[in-house]
Every structure is written in C-alpha cells, then in structure tokens.
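Below is one structure; the comments refer to it alone.
The values are calculated or read from the model by the stated rules, or taken from the named source; none is laboratory data. Small disclaimer: the values here were computed from a predicted structure and weren't measured. Every residue, glycine among them, receives a Cβ derived from its backbone with ideal geometry; neighbour counts consider all protein chains shown.
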Amino acid sequence: MVSQSRTRQPPSPNRSVVVCLDILTETDRRSPVTPASADSLWFATALLPDGWARDVRLGVAGGRIVSVETGVERAQGEAVAGAVALPGVANVHSHAFQRAMAGLTEARGPTDDDFWTWRELMYRFLDRGGPDEIEAITALAFAEMLEGGFTRVAEFHYLHNDPSGARYADPAEIAGRIVAAAGATGIALTILPVFYAHAGFGGQPPAHGQRRFIHDLDSFADLVSRCRALTAGLDDAVVGVAPHSLRAVTPDELAAMPGLAGEGPVHIHVAEQTKEVDDCLAWSGARPVEWLLANAPVDARWTLIHATHVLDSEWREVAARGAV
C-alpha cells in the first residue's frame, strides 16, 4: 500500500509528498489508514528537508501535511501509515496517452525494427481516440504514478488536434482533459504544451502521421495562454513549454519558446537516436546538444529529455549551466 500527503509548499522537483513504505504490523494492517482519514500520522523514521528524523508525527488536514513534529512518542491509537516516510518523486517526462499502447509494440517484427518503426505504430494508434478516451487513459496513468510514489508529473503534451488533424472547437480541449485528470487523481501537474511544426531538420513539412501535433507560433501562443487559464484553479500547477525537438522546430521558432514559457520551464527532446545526431550534423555541422548550447539560452529552466547520445564535454557544459 502506498499513500500520499502533500505539503503547502511552492512547486519543486522534490515536492514534499509523503510516500509511506508498507512495513506494517499485523495489528496495523487490520485498519488501513490514508492521510485523508486521519488527523495525524506517526512514523518511526522520516526523511525531512533537513535530513532523517526519528519518531515523526505529521499533522494532516484535508489530505495535506499541516504540521511536523519530531522525537515524539506514538500516542495510543494513533495511526501508523508505514515505517518510513519519504518525499514523493517527480516524473519529469510523461506522454500519458501512450499508457494505452502498452504491449502493442512488444510483438516480434522485422529485424530492422527500431525507434522509427515504433514511432510509426504510435502514429497509427493515434488514428483513433477522442477527448473522453484521452482523459480516461491519462487519469489511469496518473493514478498508477501515484501508486508508485510519483507525486508530480511533467506532462509533455503534444496531442493537440483531432484524429483528422483539425483543431477542436476549444483548441485546448485535450489540455483541459489532462488538467481534469490531474485534478481527479490529485497528482501535482506541470503541463508542457509542445510546439511541433516540422518533420525534420531545416523546416521539413510535417508528415501525415504528425497531424494531431501541429501548431504554428500564433496558435501555440494561444494554447499556452489557455493552459494557464485552465490550471489557475489547480493547486500547485505549473505551465511551461516544450519545443518538441530540433527536428520539429526551426531556429527562429525555438528562439520564441523561452519568452512563451514566462517563468515556467522549457523541456526539449534532444539526441535521442543516433540518426538524429547524424541528421543534425548533416544539417548544421554540429551535434544536437552542441548546437543547442551554442544557439539557445540553456540554463536552469531547461530540461534536456533523453540526451542519450551526448559527449562528456557536452554534459559538462549542460551541468555548468544548471540544466537537467
């Protein structure tokens, strides 16, 4: 059993949500406790912001931590949710709709199957699935994250359009469903609307399979604004932006992203596949991370997703700038 409580603190990568490890006595197991059903929770050990502590009582109201006491004996009848309380973990990269693809790519295929053939299957999967289905899938994925101890999710949201590629009547329809799923499950949400405009380096026209992702800068700016409005009532929500990759944006489009993010984060896929590295070299004469560091204001606001094929010198520069 895993249960979560959340503190009223500013959003951070280590949002202080309690994950209670299931090391209970048989007596404790007869009366399972969740934070929402108790006024206080007692732990033998807890990891707090200033380090490990023993004999910890967490005061709880409305499912949230409102007080912390250390070095206190357990009161008679006081709830024990677990032996160890740990901060929740942030999932910094999610495409929640892909939860419904689980298993579809596990069948043995041609010997030359790779990421790019997997991507084609993902495109075919998106030939169907409307807002109701996406909301249900997202809620399932978020609930499973909470069960696993993930208490904040950064949703890299690029499923914008309907299956034909047309805008929904509400251009933020799917974003709204993601926000609703976060609200229903209680996970803390960082929503990252994705700017996706091209099929390859140099501004290549998008492929048919990418039709549900596509925006221009004006429509994307409107989407980001709508996401801010959608999350206004969602506790601890953060809105950032995500230029999908150097393949999917031009240099001029990339330059617009930090301004659209405001004070929010910027996430980008980069150097995920060797083909991407080779194509970037052919286009620019530089490797993807090398080009990004030379041409974008990469700093502590930025998260480089995947970054699988990266040189040690590139890593050192990323770290020096405070990026993840």
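Here are a few things to note about the model shown:
- Residues that are modelled with pLDDT of 95 or more, farther than 16 Å from residue 294 by Cα and not charged (D, E, K, R) within the stretch 258-273 comprise 259, 260, 261, 262, 264, 265, 266, 267, 269, listed in sequence order.
- If you go through the stretch 228-286 and keep only what is without any contact (Cβ under 8 Å) to a residue 40 or more places away in the chain, closer than 14 Å to residue 301 by Cα and out of contact with any Gly (no Cβ under 8 Å at 6 or more places or on another chain), you end up with 259, 262, 263, 268.
- All of 167, 128, 177 fail the test of being closer than 30 Å to residue 255 by Cα, surrounded by fewer than 18 Cβ atoms within 10 Å (Cβ to Cβ), among the basic types (Lys, Arg) and without any contact (Cβ under 8 Å) to a residue 60 or more places away in the chain, apart from 167.
This table checks each residue for (1) among the small types (Gly, Ala, Ser); (2) at pLDDT below 90; (3) in contact with a Gly (Cβ under 8 Å, 6 or more places away or on another chain); (4) closer than 27 Å to residue 276 by Cβ.
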{"residue": "125", "(1), (2), (3), (4)": "no, yes, no, yes"}
{"residue": "141", "(1), (2), (3), (4)": "yes, no, no, yes"}
{"residue": "156", "(1), (2), (3), (4)": "no, no, no, yes"}
{"residue": "180", "(1), (2), (3), (4)": "yes, no, no, no"}
{"residue": "203", "(1), (2), (3), (4)": "yes, no, no, yes"}
{"residue": "207", "(1), (2), (3), (4)": "yes, no, no, yes"}
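- Test: residue in the stretch 182-192 that is closer than 18 Å to residue 215 by Cβ and surrounded by fewer than 18 Cβ atoms within 10 Å (Cβ to Cβ): no
- Qualifying positions in the stretch 44-66 - in contact (Cβ under 8 Å) with a residue 60 or more places away in the chain and surrounded by fewer than 17 Cβ atoms within 10 Å (Cβ to Cβ): 63
- Test result for residue 172, touching a Leu at 6+ places or on another chain (Cβ under 8 Å), more than 18 Å from residue 93 (Cβ to Cβ) and free of Cβ contacts under 8 Å to residues at least 60 places away in the same chain: yes
- Looking only at the stretch 227-252, residues that are of a type in the set (Val, Ile, Thr) and within 25 Å of residue 289 (Cβ to Cβ) come to 4 in all.
Results for (1) surrounded by 23 or more Cβ atoms within 10 Å (Cβ to Cβ); (2) within 21 Å of residue 270 (Cα to Cα), shown as yes or no for each residue.
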| residue | (1), (2) |
| --- | --- |
| 155 | yes, yes |
| 161 | no, no |
| 195 | yes, yes |
| 204 | no, yes |
| 207 | no, yes |
| 228 | no, no |
| 244 | no, yes |
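- Against the list (1) touching a strand residue (DSSP E or B) at 6+ places or on another chain (Cβ under 6 Å); (2) over 16 Å from residue 221 (Cα atoms), the condition residue 158 fails is (2).
- Selection count where residues are in a loop (DSSP other than H, G, I, E, B), at pLDDT below 85 and closer than 30 Å to residue 130 by Cα, scope the stretch 70-102: 1
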